Amino acid sequence: MHGNEIVERLGVSHQRVRQLVIKLYAQGRVCFGDQNNPFWIIRLVDDRTPILSRDEERVLSAIPREYLTNAAKIRLAARVSENKIQKILDRLIADLLVEEFEGFQGNRVYRLTEAGKKHPQRIKTARRAEVPRLSVESDRVRKVLSIILDSGALRIRDVTDVLNIPRASINALMQYLKRKHLVKKTGPEFEAPYSLTDEGRAAVAEMTRRRAA
């Protein structure tokens, strides 16, 4: 627990808390997260919760539990340098405080675990990393991807019939989605149906979640 949190909970002065903490430390009942600044973080000696550095604490506090975000957004929210962020994320993943997933176009995305959310150093009032922008965001794209997902695979003319979209428009849209690696043909035939790629399924799930939020 941070020294300032102890002050708030006990309703006593900083000086009094320092005196109590030093006494408990002498008795071997607490230990410090930073020997150069003992008042910063204090824990019971039998508490095995990993103590995080200040940078790790800021990164943990910036990562949301409710949605996935990427390293760039986390770095900006936590205000840590670019050459530190991946190393910190790897440490938090190893400690089972953060989980990693493959996002769109192979990018890695992150979310707090339940243990990370409950970690005593997670600052609840800290700025959270923003949601990354999707490569596609229109409602028409969401509808096209959703009906392909529901059907497993569809030909272009089937998509046209279901959504009542002009054939020329849906042809162009399907080629766009193919370039984005969201859909793929299920066979070499000219009119082979299209199915979703893993990225396409992830995009539908995220677009649906954001729409419902």
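Descriptive notes on the structure:
- Here is the list for the range 76-134: trypsin sites (Lys or Arg not before Pro) lying in DSSP coil, each with at most 12 other C-beta atoms within 10 angstrom of its C-beta, are Arg79, Lys124, Arg133.
- Of (i) 49, 18, 12; (ii) 40, 22, 12; (iii) 51, 15, 13, the label for semi-axes √(5λ) of the Cα gyration tensor in Å derived from the coordinates: (iii)
- For the chain, the dipole from Cβ point charges (+1 on Lys and Arg, -1 on Asp and Glu) about the Cα centre works out to 540 debye, to the nearest 20.
- Neighbour-limited loop hits for chymotrypsin sites (Phe, Trp or Tyr not before Pro), the range 152-208 (at most 11 other Cβ within 10 Å; DSSP other than H, G, I, E, B): Phe190
- Anchor Lys180: lysines whose Cα lies under 17 Å away (excluding residues fewer than 8 positions away in-chain): Lys143
- Selected from Pro188, Pro38, Ser53, residue furthest toward positive end of dipole (the chain; charges at beta carbon): Pro38
- The distance between label points at Lys84 and Ala72 comes to 2.1 nm (points 7 Å beyond Cα on the Cα→Cβ vector).
- Protection proxy ranking, highest mean first, for peptides 20-26, 49-55: 49-55, 20-26, where packing is the per-residue count of other beta-carbon atoms within 10 Å, averaged.
- A DSSP coil position with no more than 14 other Cβ atoms inside 10 Å describes the following GluC sites (Glu not before Pro) in the range 143-213: Glu189, Glu191.
- Under-5 Å amide H pairs with Arg155, H placed in peptide plane, nonlocal only: Tyr194
- Multiplying the residue separation of Lys184 and Asp139 by 0.36 nm and removing their Cα-Cα distance gives an extension gain of 14.2 nm.
- Residues whose amide H falls under 5 Å from that of Val183, counting only those 5 or more places apart or on a different chain, are Lys178, Thr197, with hydrogens built in the peptide plane.
All of the numbers you see were taken from the coordinates with simple rules; none came from a lab. Predicted, not measured: the structure shown is a model, and the values here were computed from it. When we count neighbours, we look across all protein chains shown, and the Cβ atoms used for this are built from the backbone with ideal geometry, even at glycine.
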